[in-house]
Amino acid sequence: MLGMVYKVIEQIFSKKSTNCFPMKYIPNNTTQYLNQGIIHPPIVVKEGFRGRLEYDFQSCTGCGLCSKVCPANAIELYSAEINSKKTKRVVIYLTRCTFCKECVDICPRNSITITKSFCMADYKKYGNSLVVGSEYRQQFEIKDHADVE
Amino acid sequence: MKSDIVYPLNIGPVHPAFKEPIKFTFRIEGEQVAGVDIDFGYTHRGIEKIALERNYIQIIYLLERVCGICSFSHPLAYCLAIEDVAEIQVPDRARYIRTIIGELERLHSHLLWTGIAAHEIGFDTLFMYTWNIREKVLDCLEEFTGNRINYGMLTIGGVRRDITPENSETITRMLEYYMELYDRASEILLDDLTLRARTEGIGILSREQAEMFCAVGPTARGSGLLKDVRIDYPVNAYYDIPWLNPISPRDIGKEPIGDVYDRMAVRVLEIKQSLNVIQFCMENLPEGDINSGEGAVKIINKLKKLEGEGIGRYEAPRGEVCHYVILDNQEHPIQLKVKAPTYSNGFTWIPMLTNIEIADIPIVIASIDPCVACADRMTFIRKDGAKERYSWDYLHQKSIQKYKRSANQ
Ligand code: SF4
Ligand code: SF4
């Protein structure tokens with residue numbers, strides 16, 4: 001019984017064995033904290049793990065193939081104006097994505113790549129951190145009335 | 001103990017003992033179950049309907065989510081059905097890789113089931129033990145496919161990722177690990193006195209009853225039916241495996257009577273069989289392509305020009321899955337029918353549950369490895385919220401009417 005009480009007290013004052021969450025609270029450079037034992041190193045994921053998607057706005061041609069094959073309809077095509085030319089670009093909603101890698105395989109310009117990062121938790125479902133490419137959308141999107149007709 | 005007092009016992013639809021919503025209404029006499037009524041339909045997700053609005057590639061990923069455990073069997077049956085219509089030849093290497101993933105899935109499903117069965121009879125040490133050793137196959141699957149479940153490996157006409165030399169090393173290590181453990185684990189599962197006491201002679205499904213209810217998978221094999229889609233209608237690499245036979249409790253020298261113990265024995269023996277099949281496939285893995293090399297859009301465009309109907313059958317860990325598709329020159333099928341194993345096995349609960357004691361209900365229910373969400377295919381809800389039941393005759397009439405209408409058009 002006393003042993004148990006002792007254990008509980010020890011647990012209360014010992015250092016935490018979990019990391020801060022969501023991950024954005026963890027500083028980018030964590031090596032200095034590792035030595036002090038403040039955070040735990042990230043889990044090593046296996047080769048071929050499918051995690052967060054990354055999107056290269058410059059090389060995308062707006063062909064829309066990725067949004068056609070995406071099983072979760074997580075890719076949205078919007079009209080954009082770049083260098084005063086009308087074209088299309090995509091945004092990827094990570095909250096809907098199933099990480100199947102179809103879009104990466106289909107993209108003719110390799111504009112979408114898959115990374116091994118799996119720490120995606122955030123408070124806002126449609127916040128910038130969970131919509132890949134949203135910063136470009138804010139900049140380049142045009143409301144295309146021709147589409148509506 | 002029998003008694004004159006008869007009272008109803010409702011379990012479900014939402015109950016801590018079940019992982020999925022389903023309702024059982026038992027008629028209890030003393031401690032014994034005198035009758036049972038089963039009510040499906042609380043977790044209908046409309047997958048068949050959703051599939052009609054997606055293209056052929058998107059459906060693969062939708063069907064992976066029919067069942068969390070059989071997340072390879074369902075899309076495989078669908079791909080087989082599509083390949084049947086389009087007459088696509090799957091390359092040899094892809095056939096073998098499909099077999100390996102299918103068997104890895106069977107391995108992890110059966111280990112999961114043994115854990116659940118042990119948990120249902122209160123043998124939690126065994127539950128922890130089997131789930132602990134199950135991690136190895138999940139790790140292997142993760143390395144090989146990228147995910148622990150919902151592998152995303154299939155495409156129409158092949159598979160999406162190849163087995164690299166590192167992967168085959170992992171698989172070989174995993175096989176060694178399980179081969180070493182198998183004797184000890186099977187001894188615990190098949191000879192342990194506590195387990196035998198709780199499973200022998202309980203939940204009996206006789207051979208005739210199994211035939212009558214069209215039981216499939218380990219449930220049928222536990223009752224002595226030699227029925228296995230892998231052998232009866234071979235696909236993938238199963239053609240090439242001459243020694244593959246349906247498992248029966250006779251393999252351990254026991255005449256099957258169809259009790260829970262027999263079903264457990266079948267699953268334990270199938271673990272060994274799966275290991276052997278994986279080993280065979282790894283040793284005889286042919287070289288070559290893993291798919292037709294066409295992109296997803298090309299496949300969709302090709303299927304868009306086809307019409308016809310196809311059927312795909314595959315032995316999932318729980319029994320036969322069967323997918324039926326109709327193509328009609330569109331980007332999506334105009335009909336998709338999914339038949340999950342629990343749809344057949346669900347009815348065998350009635351003879352199994354009759355005349356057992358209340359304490360045995362959980363293990364008997366778990367013994368067919370139910371997956372309720374997979375089996376929920378149709379629900380009718382009237383405007384006032386009450387559920388409506390359509391009889392067989394009514395549905396038959398309806399289908400005749402529909403057929404006549406479309407034939408007249
Ligand atoms: S497939 Fe590639 S190039 Fe085409 S729209 Fe998508 S990201 Fe852009
Ligand atoms: S990984 Fe799959 S689900 Fe995610 S955006 Fe790409 S195609 Fe869609």
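What follows draws every value from the coordinates through simple rules; no lab data is involved. In this text, all values refer to a predicted model and were calculated from it rather than measured experimentally. Here Cβ is always computed from backbone atoms with ideal geometry, including for glycine, and neighbour counts include all displayed protein chains.
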Completion exercise
Taking the dipole of the stretch B:143-272 about the Cα centre (Lys, Arg +1; Asp, Glu -1; charges at Cβ), the one of B:GLY201, B:ALA215, B:LEU189 that reaches farthest to the positive side is B:ALA215
Practice task
Once you've got the GNM for chain B with C-alpha springs shorter than 10 Å, pick whichever of B:MET174, B:MET153, B:MET352 has the biggest mean-square fluctuation.
Solution key: B:MET174
Handout entry: chain B: calculated mean residue ellipticity at 222 nm from DSSP helix runs of at least 4, using -39500 (n - 2.57)
Key = -15000 deg cm²/dmol
Completion exercise
Gyration tensor on Cα atoms of the stretch B:199-345, a ≥ b ≥ c root eigenvalues, a/c under 1.5 rounded, else prolate if a/b beats b/c, else oblate, says oblate
Handout entry: Which of B:PHE24, A:PHE13 has the fewest Cβ neighbours within 10 Å, and the rest in rising order
Key = A:PHE13, B:PHE24
Problem - By average C-beta atoms within 10 angstrom, highest first, the peptides B:251-257, B:363-369, B:323-329 - result: B:363-369, B:323-329, B:251-257
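From the square roots a ≥ b ≥ c of the eigenvalues of the alpha-carbon gyration tensor of the stretch B:1-138, which class results: rounded (a/c under 1.5), prolate (a/b over b/c), or oblate? Let's see the in-between values first.
Values: a/c = 3.11, a/b = 1.67, b/c = 1.86.
Note, shape of the stretch B:1-138 comes out oblate.
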Exercise for the section: Could you pull out every Cys in chain B that lacks a partner Cys with its beta carbon under 4.7 Å away? Expected result: B:CYS79, B:CYS140, B:CYS214, B:CYS281, B:CYS322
Fill in the blank from the handout: Over 22 Å (Cα to Cα) among B:LYS304/B:LYS337; A:LYS101/B:LYS337; A:LYS68/A:LYS101; B:LYS19/B:LYS254; A:LYS68/A:LYS88 -> A:LYS101/B:LYS337; B:LYS19/B:LYS254
Practice task
Jot down the radius of gyration and Dmax of chain B, Cα atoms only, both in angstrom.
Solution key: 22.0, 70
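Only sites in a loop by DSSP and with at most 12 other Cβ atoms within 10 Å count here; which GluC sites (Glu not before Pro) in the stretch B:33-74 make the cut?
B:GLU53
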Completion exercise
Label model pair A:GLN58, A:ALA121: point-to-point distance (7 angstrom along the Cα→beta-carbon line) in nm is 3.6 nm
Exercise for the section: Provide the per-residue ³J(HN,Hα) series for the stretch B:179-190, in order, calculated from phi with Karplus coefficients 6.51, -1.76, 1.60 and θ = phi - 60°, each as a whole number of Hz, with x at glycine and proline positions. Expected result: 4, 5, 7, 4, 4, 5, 5, 5, 5, 4, 6, 9
Fill in the blank from the handout: Excluding residues fewer than 8 positions from B:LYS227 in its own chain, the aspartates and glutamates with Cα under 19 Å of it are B:GLU103, B:GLU208, B:GLU211, B:ASP240, B:ASP251, B:GLU255, B:ASP259, B:ASP262, B:GLU270, B:GLU315, B:GLU320, B:ASP369
Handout entry: Listed residues B:MET264, A:VAL91, B:HIS119: farthest to the positive end of the dipole of the protein assembly as shown (Cβ charges)
Key = A:VAL91
Completion exercise
If every Lys and Arg gets +1 and every Asp and Glu gets -1 at its Cβ, then about the Cα centre the stretch A:53-140 yields a dipole, in debye to the nearest 20, of 180 debye
Practice task
Determine the relative contact order of chain B: mean sequence separation of Cα pairs under 8 Å and six or more apart, normalised by residue count, in whole percent.
Solution key: 24 percent
Problem - Spatially proximal aspartates and glutamates relative to B:LYS49 (Cα-Cα < 20 Å; intrachain offsets below 8 disregarded) - result: B:GLU64, B:GLU307, B:GLU309, B:ASP328, B:GLU331, B:ASP376, B:GLU388
Handout entry: Inverse mean reciprocal Cα-Cα distance (Kirkwood Rh) of the stretch B:169-251, Å
Key = 15.4 Å
Problem - Pairwise label distance in nanometres, A:ILE9 with A:GLU141, each label 7 Å out on the Cα-Cβ vector - result: 5.9 nm
Exercise for the section: For chain B, build the charge dipole from Cβ charges (+1 Lys, Arg; -1 Asp, Glu) around the Cα centre, then report which of B:TYR238, B:ILE133, B:GLN330 sits farthest towards its positive end. Expected result: B:GLN330
Completion exercise
Here the Kirkwood hydrodynamic radius of the protein assembly as shown, Cα-based and in Å, equals 26.5 Å
Exercise for the section: About the Cα centre of the protein assembly as shown, how large is the charge dipole given +1 on each Lys and Arg Cβ and -1 on each Asp and Glu Cβ? Please answer in debye to the nearest 20. Expected result: 1880 debye
Fill in the blank from the handout: For the stretch B:174-215, the dipole about the Cα centre with charges only on Cβ (Lys and Arg +1, Asp and Glu -1), to the nearest 20 debye, works out at 220 debye
